[in-house]
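A short write-up of the structure that comes next.
The values are calculated or read from the model by the stated rules, or taken from the named source; none is laboratory data. Fair warning: this is a prediction, and the values are worked out from it, not measured in the lab. Cβ atoms come from the backbone with ideal geometry, glycine included; neighbour counts cover every protein chain shown. Areas reflect the complete protein model, heavy atoms only, side chains present, ligands, DNA and RNA absent. Shrake-Rupley method; radii C 1.70, N 1.55, O 1.52, S 1.80 Å.
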Amino acid sequence: MVHKGRFVFAAAVVTMGLGLSACNSDEEGSAAQDSPAASAPAPAPASSEPSSGSTTAGSDDGAAPAEGDVTAPGTKLAVGDRAVLPFEYTSQKKGTIAVTVTAIEKGTEADMAAFGDKAKGMTPYFIKMKVENVGGTDLSYASLKLDGVLEGGGGTGVVLIGDLPGKCDNETAPSDFTTKGASYETCALSATKTSPVTAAAFDEGDAYSDSPVVWSD
């Protein structure tokens, strides 16, 4: 079970590096900003079929799903499975997307050097995904981020804004992400000082905030 609240061991929020917010008891009750946060990018295309454990849109990947024909809140998926999800970036940018998590890769502590001293001891994880425009609405330049989930179901206690070029490129939707079937690839950066990240969660919107869709290895 993914713990929303964003995140169970969070005591305070500390902004660091390229845009890293860490929650820890050492800095309880304080908040510091080291540098401007890098803008967060978006997701990628999806072509794989939904798994037997998911409730998604019909077999026509390019068609907008009927009402209710999206992946249900709380659905558990495997890496490689496709979820069809309602998505709202702004009041003018909303529609239906399909997300396929293609990999959850472990980085090294050295990869976090760009985030500065406050990232010492953190191990990054790269949540790679494909995102597809299913509804055919204008979602150009929208950004999607999935959250890392620790082994055992807890949150990481760390929020990262930005990417690691060449290892985890956080892309926004391209300018032509306006039609059914348009797709792209992106990566969400997660990090932890404790247990490994073994899953990724979509928790955007009221229906999913307490019951995320979760992909795990």
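Tabulated results
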item: Using a Förster distance of 25 Å, the FRET efficiency for Ala110-Thr194 (Cβ separation, nearest 0.05); result: 0.85
item: Accessible area (Å², per residue) of segment 139-210, counting only protein heavy atoms and a probe of 1.4 Å; result: 38
item: Lysines with Cα under 30 Å of Lys118, excluding same-chain neighbours fewer than 8 positions away; result: Lys4, Lys106, Lys128, Lys145, Lys167, Lys193
item: Estimated FRET transfer efficiency when R0 is 25 angstrom, pair Thr90-Asp117 (beta carbons, to 0.05); result: 0.10
item: Ser211-Asp69 FRET efficiency (beta carbon distance; Förster radius 22 Å; 0.05 resolution); result: 0.80
item: Length added when fully stretched, Tyr141-Thr178, from 0.36 nm per residue minus Cα-Cα; result: 12.3 nm
